[in-house]
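Enquirer: Just passing along the structure, written as structure tokens.
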Amino acid sequence: MTTVAADPYGVTLDEAWHEWLDKKHPGEKKARTRRQYALTLRRVAAFLGAGDRKVATVTGQDYARALAGLWGNRAANTFNTNRATVMGFLTWMRRHKNLKVELPADCEQRTVYEDDTKAVDYEVLERLWQPGAAKLRERTLWRLAYESSSRAHALLSLDVEQIEWDEQRAAVVQKGGSTVYLHFGDEGMALLRELVGSRRTGPVFLTDARPWNWRDRPRKDRGPGDRCRLSYNRAEELFKEATRQLGLADAGLTFEFLTLHRVRHSRLAHLAEEGVDTPVLQALSGHRDPRTLLRRYAKVRSRALRRILGEVERKVQQRRDAHRRPPCTGPRPVQGRAARWRMQR
């Protein structure tokens with residue numbers, strides 16, 4: 001009689017990654033991270049057709065095949081992010097469930113080549129929040145994203161009651177679950193007051209109409225007229241649509257490459273070019289590691305380099321001019337015994 005070995009972990013893949021999320025990322029503060037991890041693992045399970053399979057039967061080659069099939073042709077950052085999610089799940093399985101599954105050696109992290117040209121000149125961005133460029137809601141979101149150097153997710157989570165109008169700031173939950181202040185400028189606050197009006201509660205940025213699934217939305221995400229909190233995907237879609245219409249190819253101002261994240265990126269780069277210290281930039285950006293800030297955001301661009309180097313050259317020339325002796329118009333003065341002896345001869 002043949003004996004079949006017992007399954008070392010008799011749950012399905014879907015049950016396993018749900019348990020991982022419940023234990024590794026509980027609570028509401030990391031809800032966005034949890035959603036992203038769930039999306040990755042759900043797509044991996046669907047690609048493999050393995051959602052109902054026992055998790056012990058899914059091999060490392062299966063996970064590598066899913067990563068290559070789903071994100072193999074995407075950017076290196078996108079592939080690495082989803083690979084890290086799968087790696088985190090498998091590491092937890094090895095430590096807590098004694099299920100030794102690893103990605104194969106050829107499923108390596110890809111090299112990311114940094115692009116130092118992501119920051120956009122202020123004169124270009126300024127067209128985004130000019131009157132008539134877009135609706136008031138979009139212009140307010142874009143202006144606040146620039147002034148606060150904040151991620152769009154944090155701004156979209158902003159509620160009216162969180163705003164401290166006199167201090168021109170608002171406390172929001174940033175990526176990673178930490179609560180920080182976002183600081184706004186005068187122009188952004190003026191747009192914000194116009195947008196909020198007489199409202200005292202509810203989300204700041206609302207949909208234009210009642211969504212079809214408004215009953216399923218949390219109560220805190222609902223506003224007047226059954227409108228709901230504007231989602232990130234919809235905000236990004238509106239941003240790209242508006243910037244595409246504003247593109248002026250003849251003047252070299254094309255907005256098709258812009259994203260909401262590049263508005264934040266540009267603000268940090270502009271502040272770095274003005275000589276703002278790293279601790280201040282780090283407080284604005286919310287980065288815990290200053291190396292990430294300096295490597296990706298706070299880079300001096302070519303245009304700023306030309307300006308700075310031009311200022312340095314002007315200062316050097318001014319010092320040279322200050323130490324240069326004026327030309328002698330009269331007889332040259334004679335000094336010393338040897339000089340007088342030469343004059344007598």
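Enquirer: When a/c is below 1.5 the answer is rounded, else prolate if a/b is larger than b/c, else oblate, so apply that to segment 115-221 with a ≥ b ≥ c taken from the square roots of the Cα gyration tensor eigenvalues.
Expert: rounded
Enquirer: Moving on to the next point. Report, to the nearest whole %, how much of the accessible area of segment 16-166 belongs to carbon and sulfur atoms, 1.4 Å probe, protein only.
Expert: Within segment 16-166, the accessible surface is 46 percent carbon and sulfur.
Enquirer: Restricting to Cα atoms and excluding each atom paired with itself, what does the Kirkwood estimate give for segment 163-212 in Å?
Expert: 12.6 Å
Enquirer: Right, another one. Rounding to the nearest 20 debye, state how big the charge dipole of segment 24-145 is about its Cα centre with +1 on each Lys and Arg Cβ and -1 on each Asp and Glu Cβ.
Expert: 860 debye
Enquirer: Continuing with the same structure: As an exercise, use a Förster radius of 56 Å and the Cβ-Cβ distance of Asp22 and Val316 to find the FRET efficiency, rounded to the nearest 0.05.
Expert: Result of the calculation: an efficiency of 0.30.
Enquirer: Considering only the other residues whose Cβ falls under 13 Å of the Cβ of Pro131, what net charge follows from Lys and Arg at +1 and Asp and Glu at -1?
Expert: Summing Lys and Arg as +1 and Asp and Glu as -1 gives 0.
Enquirer: Can you check what the net charge comes to around Leu195, using other residues whose Cβ is under 11 Å from the Cβ of Leu195 (Lys, Arg +1; Asp, Glu -1)?
Expert: +4
Enquirer: Around Phe205, which amide H atoms from residues at least 5 apart in sequence, or from another chain, sit under 5 Å from its own amide H, with H modelled in the peptide plane?
Expert: Those lying under 5 Å, H to H, from Phe205 are Leu230.
Enquirer: How much net charge surrounds Ser149 when only other residues with a Cβ under 11 Å from its Cβ are counted (Lys, Arg +1; Asp, Glu -1)?
Expert: +2
Enquirer: Over segment 28-97, what number does the Rg to Rh ratio reach, with both radii from the alpha-carbon atoms and Rh per Kirkwood?
Expert: Taking Rg over the Kirkwood Rh, I get 0.96.
The values are calculated or read from the model by the stated rules, or taken from the named source; none is laboratory data. Because the structure is predicted, anything quoted here is derived from the model rather than measured. Ideal geometry is used to build each Cβ from the backbone, glycine not excepted, and the neighbour counts take in all protein chains shown. Quick note on the areas: whole protein, heavy atoms, side chains included, nothing else; ligands and nucleic acids left out. Shrake-Rupley method; radii C 1.70, N 1.55, O 1.52, S 1.80 Å.
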